[in-house]
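A short write-up of the structure that comes next.
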Amino acid sequence: MNSKTKKLLVVICIAVLTTFGVAFTVTTVSAANAFSVPDVNVNIGNTDNPKEISSSLQILFLLTVLSLAPSILVMMTSFTRIVIVLSFMRNAMATQQTPPNQVLIGLALFLTFFIMAPTWSQVNHEALQPYLEAKITQEQAYDKAMNPIREFMFKQTREKDLALFIKLSNLERPKTYDDVPTYVLVPSFVISELKTAFQIGFVVFIPFIVIDLIVASSLMSMGMMMLPPMMISLPFKILLFVMVDGWHLLVRSLIMSYQ
């Protein structure tokens with residue numbers, strides 16, 4: 001056995017012994033510092049007190065609302081229109097995953113908070129705070145909280161879309177907005193938001209399509225058939241977007257569309 005082999009065996013032995021030593025030390029320290037985990041029990045019993053039943057149902061209702069909070073945020077606010085328009089902008093520029101999805105969703109969320117701030121402030125002032133101070137009941141708080149949200153959705157909902165769901169639900173023609181149920185208003189609001197978002201997306205696509213047509217025609221006239229037009233048009237798209245301050249114009253247009 002040569003000297004190099006002996007050195008290699010010594011190094012391997014030292015590494016193995018060190019590993020076992022660290023593992024033994026950790027085990028010893030863990031055993032010395034062992035502690036007991038508290039036992040938590042959840043018992044379900046019977047009750048004849050209506051108040052306790054009502055409290056249990058309120059907790060169940062609250063948990064249900066919390067589980068539906070993402071859907072409420074997406075479908076009953078301005079989030080749908082904003083995130084679709086931002087996605088159209090990225091596809092029109094053909095920048096693949098730039099900006100990434102996390103950035104677009106984060107921007108859409110904060111723009112949603114900005115647009116919905118007056119509505120949520122009204123909900124907090126008229127429903128949440130009086131309920132926390134025990135001035136109104138839970139049913140009254142729900143009605144007062146839904147009024148500003150319904151008012152916001154009615155402003156952005158087309159009458160044609162609202163009439164569609166009223167007809168499909170076999171309801172009588174409502175005389176006022178108060179006669180329209182919330183389960184009819186929400187899908188009407190959603191498809192109105194989708195239509196508006198696609199209309200804005202079409203307008204966003206036009207200047208970038210013009211650039212693609214100009215670049216493709218120029219390359220074809222020069223006989224450069226094998227060169228992808230996307231490689232040439234992408235820098236010009238980015239330059240155009242930066243020159244006109246595209247993010248400022250886009251965000252301003254989105255916010256102004258709700259005013």
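The values are calculated or read from the model by the stated rules, or taken from the named source; none is laboratory data. Given the structure is predicted, the values throughout are model-derived calculations rather than measurements. Note that each Cβ is placed from the backbone with ideal geometry, even for glycine, and that neighbours are counted across all protein chains shown. Heads up: the accessible areas ignore ligands, DNA and RNA and are worked out on the full protein's heavy atoms, side chains in. Shrake-Rupley method; radii C 1.70, N 1.55, O 1.52, S 1.80 Å.
Observations
- Of all residue pairs spaced 6 or more apart or on separate chains, those with beta-carbon atoms under 6 Å, a first member in region 85-105 that is open to solvent by 30 Å² or more (accessible area, probe 1.4 Å) and a second member that is assigned to a helix (DSSP H, G or I) are Phe88/Gly201; Phe88/Val204.
- Met146 on the phi < 0 side of the Ramachandran plot and in contact (Cβ under 8 Å) with a residue 60 or more places away in the chain: no
- Pick from region 153-193, criterion of a type in the set (Asp, Glu) and without any contact (Cβ under 8 Å) to a residue 60 or more places away in the chain, ranking: nearest to Asp143 (Cα to Cα): Asp178
- Condition check for Val215 on (1) open to solvent by 90 Å² or more (accessible area, probe 1.4 Å); (2) over 27 Å from Met116 (Cβ atoms): one failure, at (1).
- Test for Ser253: is it open to solvent by 50 Å² or more (accessible area, probe 1.4 Å), among the small types (Gly, Ala, Ser) and in contact with a helix residue (DSSP H, G or I) (Cβ under 8 Å, 6 or more places away or on another chain): yes
- Out of Thr157, Thr137, Thr176, Thr182, sole residue that is of a type outside the set (A, V, I, L, M, F, W, C) and open to solvent by less than 30 Å² (accessible area, probe 1.4 Å): Thr157
- Among residues of region 226-259, those that are within 22 Å of Leu107 (Cβ to Cβ) and touching a residue at least 60 places away in the same chain (Cβ under 8 Å), counted: 11
Conditions (1) charged (D, E, K, R); (2) at pLDDT 90 or above; (3) open to solvent by less than 50 Å² (accessible area, probe 1.4 Å); (4) not in a helix (DSSP H, G or I), marked per residue:
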site: Ile115; (1), (2), (3), (4): no, yes, yes, no
site: Tyr131; (1), (2), (3), (4): no, no, no, no
site: Asp143; (1), (2), (3), (4): yes, no, no, no
site: Arg150; (1), (2), (3), (4): yes, no, yes, no
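- Exactly one residue among Met225, Met243 is open to solvent by 90 Å² or more (accessible area, probe 1.4 Å) and under 28 Å from Ile115 (Cβ atoms), and that residue is Met243.
- The condition (being modelled with pLDDT of 90 or more, open to solvent by 50 Å² or more (accessible area, probe 1.4 Å) and not acidic (Asp, Glu)) is satisfied by just one residue among Phe189, Phe198: Phe198.
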